[in-house]
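Single-structure report; data block below.
The values are calculated or read from the model by the stated rules, or taken from the named source; none is laboratory data. Quick caveat: nothing in here was measured; it's all calculated off a predicted structure. When we count neighbours, we look across all protein chains shown, and the Cβ atoms used for this are built from the backbone with ideal geometry, even at glycine. For accessibility, only protein heavy atoms count, side chains too; no ligands or nucleic acids. Shrake-Rupley method; radii C 1.70, N 1.55, O 1.52, S 1.80 Å.
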Amino acid sequence: MDTGGNSLSSAAPDGVKRKVCYFYDPEVGNYYYGQGHPMKPHRIRMTHALLAHYGLLQHMQVLKPFPARDRDLCRFHADDYVSFLRSITPETQQDQLRQLKRFNVGEDCPVFDGLYSFCQTYAGGSVGGAVKLNHNLCDIAVNWAGGLHHAKKCEASGFCYVNDIVLAILELLKVHERVLYVDIDIHHGDGVEEAFYTTDRVMTVSFHKFGDYFPGTGDVRDIGYSKGKYYSLNVPLDDGIDDESYHFLFKPLIGKVMEVFKPGAVILQCGADSLSGDRLGCFNLSIKGHAECVKFMRSFNVPLLLLGGGGYTIRNVARCWCYETGVALGIEVDDKMPQHEYYEYFGPDYTLHVAPSNMENKNSHQVLEEIRCKLLDNLSKLQHAPSVQFQERVPDTELPEVSFAYFYKDKIGGIDSNCSHNSQLRFYSLSTWASHLNSF
């Protein structure tokens with residue numbers, strides 16, 4: 001079969017420039033999960049510095065996200081959970097031990113200074129990107145601070161507190177009948193899959209390590225339920241997968257998804273923990289191999305929201321997301337890294353790309369072929385794209401343009417360069433939740 005991204009009639013040549021909106025808050029790098037914690041928001045600031053010094057910011061509309069409000073977060077999350085996130089502080093947490101346990105906040109998801117503002121910021125960027133796409137104000141929106149795919153309706157999970165992806169999908173569903181979510185983080189996109197497990201308006205596709213690995217979900221046999229049957233695709237992978245093996249699955253599967261599901265918009269979660277050498281990961285993708293997924297999704301010329309996610313070797317996270325921003329823009333960036341305030345992180349080679357390792361690829365061609373055939377067979381059971389009877393449309397999320405406007409005070413984007421960075425699937429009345437989608 002033809003797996004080329006340009007196989008659809010709507011596709012544009014890869015060389016065609018796209019209008020890109022990029023969301024960034026200069027405060028995001030100051031949030032700090034705590035000593036020894038692998039999640040470091042500082043990586044977002046490092047990414048931004050690379051974009052500035054490679055000259056990529058001048059090719060995009062650069063926007064400061066409008067912070068998500070309580071009512072925005074409560075479109076998915078439970079009121080009492082949002083209230084808890086808003087009120088908890090490092091000083092008061094010892095008085096709320098029962099609540100901490102109830103909402104799974106503690107070790108993996110610690111309480112830290114500014115926690116709620118952090119959630120508002122990264123969620124605001126993702127929802128803001130969806131709003132821009134809905135109004136045809138850009139072709140691609142980028143929020144590297146987003147992509148926190150493990151958060152559930154009523155609890156934190158896997159370093160994630162608020163599920164900005166679910167909120168962005170809900171925003172896109174106001175305009176688009178169908179939305180596709182694709183996840184290339186090494187961990188299963190469980191929170192997003194769970195949220196839309198029983199609807200045919202959202203298809204979720206996750207490529208992830210499976211087997212004795214967090215979060216433990218994402219079996220190839222998990223395909224969705226009720227109206228959502230066959231609208232969840234899980235691609236379970238083993239240690240050491242390389243670029244060639246990954247694309248052997250990614251391109252034909254996504255090509256077929258685009259053909260049969262025909263989404264009006266796509267969200268691609270670009271978790272960088274699937275890169276070779278990640279502190280918590282065990283895959284062997286190169287940055288170009290990872291970015292090939294971005295290039296492939298871009299080639300369909302469908303409104304696209306690019307989000308971050310995992311990634312714990314932070315110098316490689318910054319490399320990856322800088323390069324993928326260039327891919328979104330259609331600009332090939334030089335491998336030789338420009339001098340900038342975080343230059344010392346990238347020694348001794350000071351290059352954008354790093355070679356994958358010689359680790360063993362435990363994904364045999366036979367097993368990959370079996371997975372590919374199984375999932376293509378599942379997709380063949382979707383006869384045509386589902387139709388939706390639109391009712392009265394939910395109003396757009398109010399995000400005043402004046403609050404988005406962000407102008408740079410200097411060549412590195414107004415950053416103070418001296419500041420330092422201080423299982424089983426569960427459902428929460430999701431049948432009711434899914435039926436509510438049809439009112440959008």
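If you go through the range 310-325 one residue at a time, do you hit one that is more than 21 Å from Tyr246 (Cβ to Cβ) and out of contact with any Lys or Arg (no Cβ under 8 Å at 6 or more places or on another chain)? Within the range 310-325, one or more residues are more than 21 Å from Tyr246 (Cβ to Cβ) and out of contact with any Lys or Arg (no Cβ under 8 Å at 6 or more places or on another chain). Scanning the range 13-43 for residues that are open to solvent by less than 10 Å² (accessible area, probe 1.4 Å), within 23 Å of Lys132 (Cα to Cα) and not hydroxyl-bearing (Ser, Thr, Tyr) yields Val20, Cys21, Phe23, Val28. Here His135 passes the criteria (1) within 13 Å of the chain's Cα centre (by Cα); (2) open to solvent by 10 Å² or more (accessible area, probe 1.4 Å); (3) not hydrophobic (A, V, I, L, M, F, W, C) except the one numbered (1). Among the residues that make up the range 98-120, is at least one of them acidic (Asp, Glu), touching a Lys or Arg at 6+ places or on another chain (Cβ under 8 Å) and farther than 30 Å from Val302 by Cα? The answer is no, given that none of the residues of the range 98-120 is acidic (Asp, Glu), touching a Lys or Arg at 6+ places or on another chain (Cβ under 8 Å) and farther than 30 Å from Val302 by Cα. Scanning the range 51-84 for residues that are touching a Leu at 6+ places or on another chain (Cβ under 8 Å) and in a helix (DSSP H, G or I), we see that the one that is surrounded by the most Cβ atoms within 10 Å (Cβ to Cβ) is Leu51. Set side by side, the residues Val166, Val162, Val105 differ, and just one is part of a helix (DSSP H, G or I) and open to solvent by less than 20 Å² (accessible area, probe 1.4 Å), which is Val166.
For beta carbons closer than 9 Å, sequence separation of 6+ or different chains, a first residue in the range 141-159 that is open to solvent by 10 Å² or more (accessible area, probe 1.4 Å) and a second that is at pLDDT below 95, the qualifying pairs are Lys153/Tyr428; Lys153/Ser429; Lys153/Leu430; Lys153/Trp433; Cys154/Tyr428.
Being open to solvent by less than 10 Å² (accessible area, probe 1.4 Å) and either in a helix (DSSP H, G or I) or out of contact with any His (no Cβ under 7 Å at 6 or more places or on another chain) (or both) is true of Leu268. Within the range 314-327, identify whether any single residue is surrounded by fewer than 23 Cβ atoms within 10 Å (Cβ to Cβ) and assigned to a loop (DSSP other than H, G, I, E, B), and answer yes or no. Among the residues of the range 314-327, not one is surrounded by fewer than 23 Cβ atoms within 10 Å (Cβ to Cβ) and assigned to a loop (DSSP other than H, G, I, E, B), which makes the answer no. The condition (being at pLDDT 95 or above and out of contact with any Leu (no Cβ under 7 Å at 6 or more places or on another chain)) is satisfied by just one residue among Ile287, Ile314: Ile314. Go through the range 195-238 and give me each residue that's surrounded by fewer than 19 Cβ atoms within 10 Å (Cβ to Cβ) and of a type in the set (A, V, I, L, M). Across the range 195-238, the qualifying residues are Val220, Ile223.
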